[in-house]
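Single-structure report; data block below.
The values are calculated or read from the model by the stated rules, or taken from the named source; none is laboratory data. It should be emphasised that the depicted structure is a prediction, and the values quoted were computed from it without experimental measurement. Every residue, glycine as well, gets a Cβ built from its backbone with ideal geometry; the counts of neighbours run over all protein chains shown. When the accessible area is computed, the model is the full protein with side chains, heavy atoms only, and any ligands, DNA or RNA have been set aside. Shrake-Rupley method; radii C 1.70, N 1.55, O 1.52, S 1.80 Å.
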Amino acid sequence: MHADETPPMTPTRTLGPTAPAVPRTEAPAQGTGPAPWVFRLVMVGLVLTALNLRPAITSLGALLEEVRDGLHMSGSVAGVLTSVPPLCFAVFGIMAPRLARRFGPGAVVCAGMAAITAGLVIRPLVGGTAGFLAASALALMGIAVSNVLMPVIVKRWFPDRVGSMTGLYSMALALGTSLAAAVTVPMTEAMGGSWKAGLGVWAALAAAAVLPWIPLVRDRGVASGHSEAHRPQAPALRITRSRTAWALACFFGLQATAAYITMGWMPQIFRDAGVSAGTAGVLLALTMAMGVPLAFVIPRVAARMRSQGPIVVLLGACGLAGYAGLYLAPSGGAWLWALLLGVSNCAFPLALTMIGMRSRSGAGVVRLSAFAQSTGYLISIPGPLLVGVLYQHSGGWGLPIALMAALMVPQMAAGILAGRDRTIEDEC
């Protein structure tokens, strides 16, 4: 969930979701550019920002039972709560490029980190479900805009080190995701068992991420100049004629569905099977931590292949095996199921890699990324909600897990179509 890492990018294009193309300028360090300490500050800001792009989601997943009891939520309402992240990513992520053009990406990321801080502070303090959802949406809005602009900032400040810096913040993102899943429950117990304290403590990390961006608020290097996005282009709606674009959007949406169901519900599945709350959080952390090494490996392997279908099938098979294990013996092989689902969830970096490979131009990649990810996040919204409804009305996890496994089949089919060796320019 998700989120999001980007595939390796060349110095002439930006692959971030809905991100505008970046002017072909020299690195800021050349000529009379910023001092070296500014680059170190940006690097620190990237890492701290990435660390904050998932804890608001995975910390809630680890304490979902306590939150439901404390706010008297039904299973259906809890399903709505787990559907909020993709909704916010779809809605607010689209706004990020426009905000960056007007205010500069540094200012928008700084505001995003401030929004995450405010949301994480407010949501444990409110007394009702509506206020909790609103505060969560505020934090997720900050995550959405910051997530979209990370590739833009990398391109702006490190044009000759795009791959290594993208890998750095991708690793930090996966680390923050798994860390929040692993330590939220132990920290909550150490602070007296209050779920409010366990969720609110993550605001401190978000507040720390605001600081590096304050000196960069006035930097508008990416927002100025004549970019590829300002050149005459074919009508944007032409991309809807591409079967590859639609296949990518469906693949992205279905893998996002699996990711947000995992982040929102997997700890509860293990807890209902008799696993302790602390261990359930660690199991979720293991699933999320698989993204650290595989985010480096999968894009590099996929880029060397003419068709990415075999990787799609391998990841899907791991997902089906993990869901079968959850259905048959959720506690008996919990560690293996968490590992398999972690591998399956690495369809995310694969999807982003394929976005970069399915267009011949930088402008085409930006348009394809915007279409595939915004459409994909919209597709992913009903999944977590439907899981909550099935869980409440069936009284168990059999039907929800069967739904998760069933969704893996169209995900594999869409991924095979999206992974064919062709570009959207051949179809539009």
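Full extension of the chain between ARG422 and ALA204 yields a length gain of 73.9 nm, computed as 0.36 nm times the residue separation minus the alpha carbon distance.
The listed residues VAL185, VAL301, once ranked by accessible area (1.4 Å probe) with the largest placed first, stand as VAL301, VAL185.
Along segment 336-351 the Karplus relation, 6.51 cos²θ - 1.76 cosθ + 1.60 evaluated at θ = phi - 60°, assigns HN-Hα couplings of 5, 5, 4, 5, 5, 5, x, 5, 4, 5, 6, 5, 5, x, 5, 4 Hz to successive residues, with x for each Gly and Pro. The residues ARG40, ARG156, ARG123, ARG238, sorted by heavy-atom accessible surface at 1.4 Å with ligands and nucleic acids left out, run ARG40, ARG238, ARG156, ARG123 from largest to smallest. Using Cα centres only, tell me the gap between segment 327-395 and segment 96-117 in whole Å. Segment 327-395 and segment 96-117 have Cα centres spaced 26 Å from each other.
If you put +1 on each Lys and Arg Cβ and -1 on each Asp and Glu Cβ, how big is the dipole of segment 304-428 around its Cα centre, in Debye rounded to 20?
240 debye
Using R0 = 35 Å, the C-beta based FRET efficiency linking ARG98 and LEU403 works out to 0.45.
Counted by Cβ distance under 9 Å from GLY198, the other residues give a net charge of -1, where Lys and Arg count +1 and Asp and Glu count -1.
In plain terms, the chain from ARG218 to ASP69 could stretch by 49.2 nm, reckoned as 0.36 nm per residue minus the Cα-Cα distance.
Here SER359 sits with roughly 10 square angstrom of accessible surface, probe radius 1.4 Å. Per-residue SASA remark: TRP246, around 110 Å² accessible (1.4 Å probe; ligands, DNA and RNA not included). Our coupling estimate for segment 178-187, obtained by passing each phi through the Karplus curve with A = 6.51, B = -1.76, C = 1.60 and θ = phi - 60°, is 6, 4, 5, 5, 7, 9, 4, 5, x, 5 Hz, Gly and Pro reported as x.
A full extension of the chain between ALA413 and ALA35 corresponds to an added length of 131.1 nm, given 0.36 nm per residue minus the alpha carbon distance. Extending 7 Å from the Cα toward the beta-carbon at both LEU314 and VAL91 defines two label points whose distance is 3.9 nm.
The mean sequence distance of close C-alpha pairs (under 8 Å, at least 6 residues apart), as a share of the length of segment 259-363, puts its relative contact order at 34 percent. When a/c reaches 1.5 or more, the comparison of a/b and b/c decides; with that in mind, is segment 366-428 rounded, prolate or oblate per its Cα gyration tensor? Here segment 366-428 falls in the oblate category. 3J(HN,Hα) along segment 188-199, derived from phi through the Karplus expression 6.51 cos²θ - 1.76 cosθ + 1.60 where θ = phi - 60°, amounts to 4, 5, 5, 9, x, x, 7, 5, 5, 5, x, 7 Hz, with x in place of Gly and Pro.
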